[in-house]
Amino acid sequence: MSRTSLATTLALLTAACALTPGSPANLEAAKTALIQTDKDFSKMAQERGIGEAFVAYAAADATMMPANQATVTGREGVRRQFADLTEGTRLIWEPFRADVARSGDLGYTLGNYEFHAKGPDGKDVTRYGKYCSVWKRQPDGSWRWVVDIGNASPGPEAVPR
């Protein structure tokens, strides 16, 4: 094998390895895409409503595990979960971490949320929490959540003065 052929073969092998699903460059790109997907999901919840966003980003077999409630499965179950929200209820969240399996087909996001609603007395109530969403890459390359779980957290601490 000539030096030129060897160099070309090595260059092609290096490029092929860099483009495999589990390559570091592809995993970092997938993590970035997953964080952006979760941010877009949150933005949709603000603009079009919580229920609509959760259904739009759910996989067909998605499972929610809401606190102190039964597990909810499937898009129709997710739709019912949010059907009784009152006007002005908002759920805002921000992912702070993501990871993706070497295969590139599963990942998760972790984040914090704020839930704003009217209390029984009509006054605004804000609850804080954290969440974990498990995501699955779809055949078209998009990400859809397959498992979502959240739980309460204390509110942010006041800044000392």
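The values are calculated or read from the model by the stated rules, or taken from the named source; none is laboratory data. This is a predicted model, so every value here is computed, not measured. Using ideal geometry, Cβ is built from the backbone for each residue, glycine included, and neighbour counts are taken over all protein chains shown.
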*asked:* Exactly one of these conditions fails for HIS116: (1) over 23 Å from GLY77 (Cα atoms); (2) in contact with a Lys or Arg (Cβ under 9 Å, 6 or more places away or on another chain); (3) touching a residue at least 24 places away in the same chain (Cβ under 8 Å); (4) part of a strand (DSSP E or B). Give me its number.
replied: (1)
_Near pairs, Cβ below 7 angstrom, 6+ apart or cross-chain, from the stretch 71-87 (within 17 Å of VAL125 (Cβ to Cβ)) to any residue that is in a helix (DSSP H, G or I) and not small (Gly, Ala, Ser)_ = LEU85/ILE50
*Among residues belonging to the stretch 76-106 that are over 14 Å from the mean Cα position of the chain (by Cα), part of a loop (DSSP other than H, G, I, E, B) and not hydrophobic (A, V, I, L, M, F, W, C), point out the one that is nearest to VAL55 (Cα to Cα).*
ASP84
_All but one of (1) modelled with pLDDT of 95 or more; (2) closer than 22 Å to GLU47 by Cβ; (3) polar (S, T, N, Q) hold for GLN138; state the number of the condition that does not hold._
(2)
*Looking only at the stretch 136-150, which residues are within 19 Å of THR73 (Cβ to Cβ), surrounded by 13 or more Cβ atoms within 10 Å (Cβ to Cβ) and over 9 Å from the mean Cα position of the chain (by Cα)?*
LYS136, VAL146, VAL147, ILE149, GLY150
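Here is a yes/no grid of residues against (1) free of Cβ contacts under 8 Å to residues at least 40 places away in the same chain; (2) assigned to a loop (DSSP other than H, G, I, E, B); (3) under 19 Å from ALA58 (Cα atoms):
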residue: ASP121; (1), (2), (3): yes, yes, no
residue: TYR128; (1), (2), (3): yes, no, no
residue: PRO139; (1), (2), (3): yes, yes, yes
residue: VAL146; (1), (2), (3): no, no, yes
residue: GLY155; (1), (2), (3): yes, yes, no
*Exactly one of (1) surrounded by 14 or more Cβ atoms within 10 Å (Cβ to Cβ); (2) hydroxyl-bearing (Ser, Thr, Tyr); (3) at pLDDT below 95 is unmet by THR9. Its number?*
(1)
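Test GLY111 against the criterion of being crowded, with 16+ Cβ neighbours inside 10 Å, over 20 Å from GLY141 (Cα atoms) and within 18 Å of the chain's Cα centre (by Cα), and give yes or no.
On the way: crowded, with 16+ Cβ neighbours inside 10 Å: yes; over 20 Å from GLY141 (Cα atoms): yes; within 18 Å of the chain's Cα centre (by Cα): yes.
Spelling it out, GLY111 is indeed crowded, with 16+ Cβ neighbours inside 10 Å, over 20 Å from GLY141 (Cα atoms) and within 18 Å of the chain's Cα centre (by Cα).
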